[in-house]
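Here is the structure we will look at, set down as structure tokens.
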Amino acid sequence: MSIATSNHFANQLLHWYQTYGRKNLPWQENRQPYNIWVSEIMLQQTQVITVIDYYQRFIARFPNVNSLATATSDEVMHLWAGLGYYTRARNLHRCAQQVVNEYQGEFPVNSLEAMKNLPGIGPSTAAAICAFSTGQRAVILDGNVKRVVARYFAIEGWYGKSQVTKQLWQAADKLTPNEQLPEYTQAIMDLGATLCTRSKPKCELCPVASGCAAKAQNLIAILPTPRPKKVLPEQTRYALILFDANQAIQLEKRPDKGIWGGLWSLPEFASQAALKNWLATHQPTAKMLDATKPAQEHIFSHYRLTLHLNIAQLPKQQLAENSAHYSQGLNWYDQNEFGSIGLAAPVKKLLPSLPYLLS
């Protein structure tokens with residue numbers, strides 16, 4: 001349907017925000033571009049309630065872009081572990097280094113084009129950072145805003161289609177005012193997060209319900225159009241829990257690309273036979289244990305993973321001579337050291353039971 005300009009929408013939304021909007025979030029205390037940037041990256045695909053503790057720990061350890069740029073990958077991944085979507089953490093680290101190297105440690109917030117070309121920062125995130133930190137007019141279209149706009153203008157079609165995305169950007173632009181951009185940007189995010197939710201939206205409390213086309217046409221329940229359903233393929237992998245005589249565990253640093261990218265995890269194999277062959281070649285004195293451990297199930301956006309766990313132990317006297325067989329991506333970690341590295345989900349799941357696996 002056609003989209004008409006409506007500053008009335010912004011006025012209604014801002015009036016509602018004054019009473020009901022979120023104004024005490026930790027990243028609102030400091031409107032510096034660095035703080036806004038960290039929070040916006042963390043908030044991508046993650047709820048505010050989850051992000052708060054991660055944000056506070058991250059800022060305490062890395063209070064500015066220079067401290068983040070000079071950190072090691074392990075330091076960054078350790079503080080990110082559990083937040084998910086680990087490409088965000090790697091891009092955050094790369095972006096900090098680029099801002100320091102190319103912009104002398106100052107985010108180029110006066111240029112939306114320069115901001116959106118930094119690692120991990122797309123058009124909507126760049127707009128949010130600029131609007132919040134400078135007050136300039138910038139149009140955002142994150143997941144919450146897409147839902148609000150799709151319903152307000154009754155825009156049908158899945159977000160993944162370019163034509164639908166184009167319509168949503170045009171609609172969001174029509175609604176964005178020329179003044180009070182920090183307040184408006186937070187207000188429309190809050191509206192999507194608290195009232196115009198995916199399920200059971202609170203239309204009776206919505207400040208812009210009177211102009212909502214989806215409500216008028218009784219389309220709230222079917223808009224926004226969901227992603228077409230697909231059956232997730234299943235994969236099976238075999239993980240090795242290899243202890244030394246002092247109960248240190250061998251971990252492998254995963255490639256940057258793929259699940260748990262850049263985190264330390266259990267070595268994985270395509271089959272149990274491949275796992276045993278690797279042990280026979282690289283650690284022939286290792287003893288496979290009969291201890292059983294339930295398989296782990298992990299569900300990702302594009303597949304479902306079943307991870308079978310296999311336990312083995314090395315005799316102490318063989319550890320030194322076999323250390324040369326390890327690739328650069330493998331290392332031994334005492335369980336007391338887990339607090340200083342980024343751990344993948346399989347290892348975090350095992351933590352409570354690790355002391356008992358060999359008993």
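Spin-label model, N91 to T72: label points 7 Å out along the Cα-to-beta-carbon direction sit 2.6 nm apart.
Label-to-label distance, R22 versus Q170, with points set 7 angstrom from Cα along the beta-carbon direction: 3.2 nm. With Cα atoms as the point set, the stretch 1-130 shows a radius of gyration and Dmax of 16.2, 51 Å.
Full extension of the chain segment joining A216 with A295 gains 23.5 nm, where the gain is 0.36 nm per residue of separation less the Cα-Cα distance.
Electrostatic bookkeeping for K116 treats Lys and Arg as +1 and Asp and Glu as -1; over the other residues with beta carbon under 14 Å from its beta carbon, the sum is -3. A P(r) calculated from all alpha carbon pairs of the stretch 192-258, with 10 Å bins opening at zero, reads 14, 26, 13, 14, 17, 12, 4 percent. Based on DSSP, what percent of beta bridges with both residues in the chain are antiparallel, to the nearest 5? Here the antiparallel bridges make up roughly 55 percent for the chain. Each label point was placed 7 Å from the Cα along the Cα-to-Cβ direction; for D53 and E106 their separation is 3.8 nm. Using the charge dipole of the chain (Lys, Arg: +1 at Cβ; Asp, Glu: -1 at Cβ; taken about the Cα centre), state which of P119, N277, N7 has its Cα farthest towards the positive end. Looking along the dipole axis, the top candidate is N7. For the stretch 1-103, averaging the sequence separation of C-alpha pairs within contact (under 8 Å, six or more residues apart) and dividing by the residue count gives a relative contact order of 23 percent.
The Rg/Rh ratio of the stretch 172-295, with both radii computed over alpha carbons and Rh defined as the Kirkwood radius, is 1.29. Give me the tail of P(r) for the chain as a percent: Cα-Cα pairs with distance above 33 Å. In whole percent, the long-distance tail amounts to 43. Remark: the chain carries a charge dipole of roughly 1060 debye about the Cα centre, counting +1 on each Lys and Arg Cβ and -1 on each Asp and Glu Cβ. Counting 0.36 nm for each residue step from T281 to T236 and taking away their Cα separation leaves a gain of 13.9 nm. Run a plain Debye calculation on the stretch 231-288 (Cα atoms as equal point scatterers, no solvent) and give log10 I(q)/I(0) at q = 0.19 Å⁻¹, rounded to two decimals, same order as the q list. Cα-only, vacuum Debye calculation for the stretch 231-288: -0.80. Using a probe of 1.4 Å on the protein chains alone, the accessible area found for E29 is around 150 Å². Across the chain, the longest run free of exposed loop sites, meaning chymotrypsin sites (Phe, Trp or Tyr not before Pro) lying outside DSSP classes H, G, I, E and B with no more than 15 other Cβ atoms within 10 Å, spans 86-299.
When each of the peptides 136-142, 125-131, 187-193, 162-168 is scored by how many other beta carbons lie within 10 Å of its residues on average, the order from highest to lowest is 125-131, 187-193, 136-142, 162-168.
Amide H contacts under 5 Å for I311: I241, L289, restricted to partners 5 or more places along the chain or on a different chain, H placed in the peptide plane at 1.01 Å from N.
Relative contact order of the chain, taken over Cα pairs closer than 8 Å and 6 or more residues apart, is 18 percent.
GNM on the chain, alpha-carbon springs under 10 angstrom: the most fluctuating residue among L79, L205, L43 is L205. Loop-resident GluC sites (Glu not before Pro) (DSSP state other than H, G, I, E or B) in the stretch 172-208 with no more than 11 further Cβ atoms inside 10 Å of their Cβ: E179. For the stretch 1-72, a crude dipole built from +1 on the beta carbon of Lys and Arg and -1 on the beta carbon of Asp and Glu, taken about the Cα centre, is about 80 debye to the nearest 20.
Taking all protein chains together and a 1.4 Å probe, the residues R88, R61, R198 rank R198, R61, R88 from largest to smallest accessible area.
Net length available on complete extension from K161 to L351 is 64.2 nm, with 0.36 nm assigned per residue and the Cα-Cα distance removed. For the stretch 15-99, the residue among N30, Y54, N66 whose Cα projects farthest onto the positive side of the dipole built from Cβ charges is N30.
The values are calculated or read from the model by the stated rules, or taken from the named source; none is laboratory data. These numbers were taken from a predicted model, which means no experiment stands behind them. Neighbour counts run over all protein chains shown; Cβ positions are idealised from the backbone, glycine included. Each accessible area value is taken on the protein alone, full model and side chains, heavy atoms only, with ligands, DNA and RNA left out. Shrake-Rupley method; radii C 1.70, N 1.55, O 1.52, S 1.80 Å.
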